[in-house]
Every structure is written in C-alpha cells, then in structure tokens.
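A.B. asks: If you scroll down you'll find the structure; I have some questions about it.
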Amino acid sequence: MSDLLDDPTPGQNAPEFTVSEISGEVKRTLESTFGRIRVRGEVGRVFKARSGHLYYDIKDDRNVLACTTWKGQVAGLSVVPEEGLEVIVTGRLTAFGAQSKYNMNVEEVAVAGQGALMALLEKRKKQLEAEGLFAPERKKPLPYLPGIIGVVTSPSGAVIRDILHRLRDRFPRKVLVWPVAVQGSNCAPEVTRAIEGFNRMTPGGALPRPDLIIVARGGGSIEDLWGFNEEIVARAAAASDIPLISAVGHETDTTLIDFVSDRRAPTPTAAAELAVPVRLDLLGWSENQGARLARAAGQAVQLRRQRLNDLSRALPRPETLLETPRQRLDQASDGLPRALTSVVQRRRVQLSEAAASLRPSTLRQLVAGRTDRLRNLSSRLSLRPIQQEIQRRQDRITQLGQRLDTVQRQRLDRQRQQLSAAGRQLEILSYKATLERGYAVVRSGQTVITTRAAAEKAGPLEIEFKDGRLDLSDALAPATKTGGGGASTAKPKASKPKAKPKSSPDDGEQGSLF
C-alpha cells in the first residue's frame, strides 16, 4: 500500500522529445518571441561566401551574435557591414538545428550615429589614399570646350535644371543625362554603372561618348550623401578614362568622390561653369585678338616699307653703276682688231720656223737610222725559244687529246650499258612479251579495240599475234557467198568473250589482249 502512495522517481513523468522535435520547438520559440528586433553592436568578423551570402558577427564587450544576410538581401542594405563599424541591425532571430546554433537574419544595417559614419569615412579615405587614387599626377585635365557632356544625377531634381540653364547661358553644348538615384541603397550601384556606362560608349557612335562627365547632387545630411562615400563609386570615378567633375552637396559637404575626381566643384552650377567657358567672352576675346593681329600686321608692313625706303636711298643710281663697265667695254672693243692682227702674225712666224726644219733629206736620214736599228734587233732575236714553246704546247695538246678519247670511250660504254638496260626493261614492259604468251591485240585501223561493243561498231578488224598480223576482212573473204544477182556477206557468229587478262602498257598505248 505504501508503494502505491509513494511518488515516482523525479522526471519519469516528463514527456520525451526527439532531437528534431526539440530543435524545431526551440526555433519556433525564438522566432515567435523575437519576431523582428533591432540590435546595436560592433561589427566583428565579416565573410562573403562564394554563393553571395554575407556572414558576420555583432558583438559587445562580452558576447557575440552571429548574423546572416542572404544574397537577395545584400543589395537592399544601405550600409555594407565592415569590421570595426558600430551599427544597428534589424532582422529576426532564428535557429539552425543541424549545428545547435542560433543566429540573426539581418535585413537592414544602419550606422549607429554620425561619429561612426565619420570614422568609417576616414578609414576608407586612408585606404584609397594609400593606393594612390588621390595623387594629383593621375588627375586628367578638363577639355577646354567639350562637344558632349554626360551628367549623372536625378532627372527630377533641381540640379539638372540648374546645370542645363548654366550651360545654355555660358556656351550651349549637347548633354547626355544618365538618371540615377542620388540617395538610398540604390545610389552607389547606379552611380557606378552610370560612370562605367559612359566610358564604355563608342566615340562617334549612334550614341556618342561624352568628352566630360559631371556627377552632381544637391545638398543633404551625411546619411543622404553616403552613397557617394561608397568604395565602389570612388573606384569607378578613379578608373574613368573620361575627365570627371564631382559636384555633390554644397560647398561645405565633402565625399570620397570629390577626392578621386579630376576636378571638384562646390555646387552643380559651379560644375557647369567649370565645364565650358563663356561664349560671349570667347567672342570678345576672339575679336580683340583679331584686331590686335590686324594692327600688328599693318605696323609690320609699315616698318618694312620704311626700312626699304631707307635702304633704297643709300643705293647709287643705276646709270652710275653702268658707267664704268660701259667704258671698259668700249676700250676692249677698240683694242680687239689690233689684238687679232698681232696674234695672227705671231702664229705665222712660229709656223715658218717649224717648217724650216722639215726637209726631205732630214726625213730620209731618220728613216735610215730606224731601219738599221730594226735590223740589229731582228739579228739578236732567236727563233729557237719560240719553237720550243710550240713543241711544248703540241705535246700538251696530244696528252689532252688522249685523255679526252679515254673519257669519251668510257662515257660511250656507260651510255651503251644504260641503253641496253633500258631496252631490256622496255622489252619486259612491252605488250609483245604478252603476245608471246598467246595473247593478241585487236585494232581497227589505228584504233585499238578493247570491248565487244566497240568491235561491233568498228570497221574491218585486224588481229596482231606474236608472229604477225591477220586482217579479218581477208580471212573472211572465202566465206562470202554470191547469189540472187547480188552479194551477201555472212557475218561470223560472235563468240563469248573470254576473261580479260591484265594488260601491260607499251609506248604509251594500251591494247586488247586475249
């Protein structure tokens, strides 16, 4: 009786759960109790998976909360978590039973206070500056008068109207507007795509590439301008091949794009003033330069004319320059006949002196002396060395002739052997060797007959055997019968053709062998 009244062992009446049941119950309890919460803390480890999901920690001085933002939620974040940043995250708690862990699915990230934003901005600024994106030497000069200006801004704000109005007043230019969101989570990716899109355009294409880009936005708080502090926007502006002017906020507002752009304008209106000069000023300057050029040209011509007049006065008159040469010409013309007469007389005297020494007796004596000298030289000249040289040349010719005969005989023997070998090979390849084995060649005139159909269509046939040729027209003549006042020729009965053996070519032709 006491056993029935005693309490059972503690815990024996508690329900039993499976592991999956208890994990599911814990998950439902967490999600129902903490349906949507906001948590403040410092961002710890940040990891972006290859799938696009974002994993990071939110921590304080004692505990750590694991957070997850799925790939489809990352694009909606206004601030991307970075390690060391103090943020307020919004989402819901959930559990992962497979590993007995709980975490927070974050749908929104906000910076906890302006001080944290400024700290994050300073961190990004130092990082980009260390990479050299702020260096003055990498900034490109602005074109003096761009043909096409690309504007990245909101199409519905007052900024685009101010820019277009200022351009119209100063110097009208073609403007391409790329509409973007200038604040919120879509600001940074849209501005980045706009800058990259302008750079990818083809110069002179259907939609021409702009010569200058203006990124503009009106004033606002640091949170409103935060899209222009994103790293992707700064890097896109730094990588732009087109010169870029940043005009974000008022004069006191500063964003990261201002440091990497090629020129910073305090306001969008000032950006339009930096983009183009004043047309009226250019016209006035051009007219002023034209007037100065005309005055300078007139003065230069006047100075050259005055200099020419001064130099012409220092020159003598043309008559004075020709007086002395004219006198020298007259004197030379007067003395020319006398000079010619004197030269002729002097040459006549020289000819007479030379002719006096040329007498026939003198020439005969000179010829006799040269004849005696020739006889002496001929007597001294002997014919024996010449004869010896001739004999030596004849012996040399005889030796060469003998060698030539030997070489010629050897060459003839070699060619005779080659000819004999070729003849033997020709006999081997000739169709006559086939005829020796009992085959024959059928011809009709000069045509070789190779088929029965050709033989029926051909004229008189001739068969060549190994011992001669047989004309079928002559062989069939005794079989011709006459009667009935006319002649009739009995056509021989065609016999069944035998198997055709393989034939051999002979001198470029192929016959019918059977």
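A.B. asks: Can you say whether R263 is open to solvent by 30 Å² or more (accessible area, probe 1.4 Å), touching a strand residue (DSSP E or B) at 6+ places or on another chain (Cβ under 7 Å) and more than 29 Å from A112 (Cα to Cα), as far as the supplied structure shows?
C.D. replies: yes
A.B. asks: Go over the candidates L145, L121, L117 one by one and state the one that is farther than 15 Å from A237 by Cβ, modelled with pLDDT of 90 or more and among the hydrophobic types (A, V, I, L, M, F, W, C). It would help to see each step written out before you state the result.
C.D. replies: On the way: L121 fails: modelled with pLDDT of 90 or more; L117 fails: modelled with pLDDT of 90 or more.
Just one listed residue meets the conditions, L145.
A.B. asks: Take E137 and decide whether it is open to solvent by 40 Å² or more (accessible area, probe 1.4 Å) and within 21 Å of T192 (Cα to Cα). Reasoning before the result, please.
C.D. replies: Details: open to solvent by 40 Å² or more (accessible area, probe 1.4 Å): yes; within 21 Å of T192 (Cα to Cα): no.
Here the answer is no, as E137 does not meet what is asked.
A.B. asks: Return the total of residues in the stretch 1-39 being modelled with pLDDT of 90 or more and either open to solvent by 60 Å² or more (accessible area, probe 1.4 Å) or more than 19 Å from K101 (Cβ to Cβ) (or both).
C.D. replies: So the count comes out to 1.
A.B. asks: Another one. Take the stretch 415-472 and flag every residue that is among the charged types (D, E, K, R) and open to solvent by 70 Å² or more (accessible area, probe 1.4 Å).
C.D. replies: Those that are among the charged types (D, E, K, R) and open to solvent by 70 Å² or more (accessible area, probe 1.4 Å): R416, R424, E427, K432, E436, R437, R452, E456, K457, K466, D467, R469.
A.B. asks: Quick one: in the stretch 74-103, of everything that is at pLDDT below 90 and of a type in the set (S, T, Y), which residue is farthest from S23 (Cα to Cα)?
C.D. replies: Going through the qualifying residues, I end up with S78.
A.B. asks: Still on this structure, please answer the following. Evaluate the following for Q394: is it open to solvent by 100 Å² or more (accessible area, probe 1.4 Å) and either farther than 30 Å from L470 by Cβ or part of a helix (DSSP H, G or I) (or both)?
C.D. replies: Numbers: open to solvent by 100 Å² or more (accessible area, probe 1.4 Å): no; either farther than 30 Å from L470 by Cβ or part of a helix (DSSP H, G or I) (or both): yes.
Spelling it out, it is not the case that Q394 is open to solvent by 100 Å² or more (accessible area, probe 1.4 Å) and either farther than 30 Å from L470 by Cβ or part of a helix (DSSP H, G or I) (or both).
A.B. asks: Go through the residues of the stretch 308-325 one by one and say whether even a single one is open to solvent by 70 Å² or more (accessible area, probe 1.4 Å), at pLDDT 85 or above and either of a type outside the set (A, V, I, L, M, F, W, C) or in contact with an Asp or Glu (Cβ under 6 Å, 6 or more places away or on another chain) (or both).
C.D. replies: Scanning the stretch 308-325 turns up no residue that is open to solvent by 70 Å² or more (accessible area, probe 1.4 Å), at pLDDT 85 or above and either of a type outside the set (A, V, I, L, M, F, W, C) or in contact with an Asp or Glu (Cβ under 6 Å, 6 or more places away or on another chain) (or both).
A.B. asks: Residues in the stretch 52-73 that are open to solvent by 80 Å² or more (accessible area, probe 1.4 Å), more than 44 Å from the chain's Cα centre (by Cα) and over 17 Å from E86 (Cβ atoms): how many?
C.D. replies: Summing the residues that are open to solvent by 80 Å² or more (accessible area, probe 1.4 Å), more than 44 Å from the chain's Cα centre (by Cα) and over 17 Å from E86 (Cβ atoms) in the stretch 52-73 gives 1.
A.B. asks: Right, G184: out of contact with any Pro (no Cβ under 8 Å at 6 or more places or on another chain), farther than 22 Å from V276 by Cβ and open to solvent by 20 Å² or more (accessible area, probe 1.4 Å) or not?
C.D. replies: It is true that G184 is out of contact with any Pro (no Cβ under 8 Å at 6 or more places or on another chain), farther than 22 Å from V276 by Cβ and open to solvent by 20 Å² or more (accessible area, probe 1.4 Å).
A.B. asks: Go through the stretch 74-108 and count every residue that is within 24 Å of E31 (Cα to Cα), of a type in the set (V, I, T) and within 49 Å of the chain's Cα centre (by Cα).
C.D. replies: Residues that pass the stated criteria total 1.
The values are calculated or read from the model by the stated rules, or taken from the named source; none is laboratory data. If you're wondering where the values come from, they're calculated on a predicted model, not measured in any experiment. Heads up, the Cβs are rebuilt from the backbone with ideal geometry, glycines too, and the neighbour counts pull from every protein chain shown. Side chains are part of the model used for accessible areas, which takes the heavy atoms of the whole protein and leaves out ligands, DNA and RNA. Shrake-Rupley method; radii C 1.70, N 1.55, O 1.52, S 1.80 Å.
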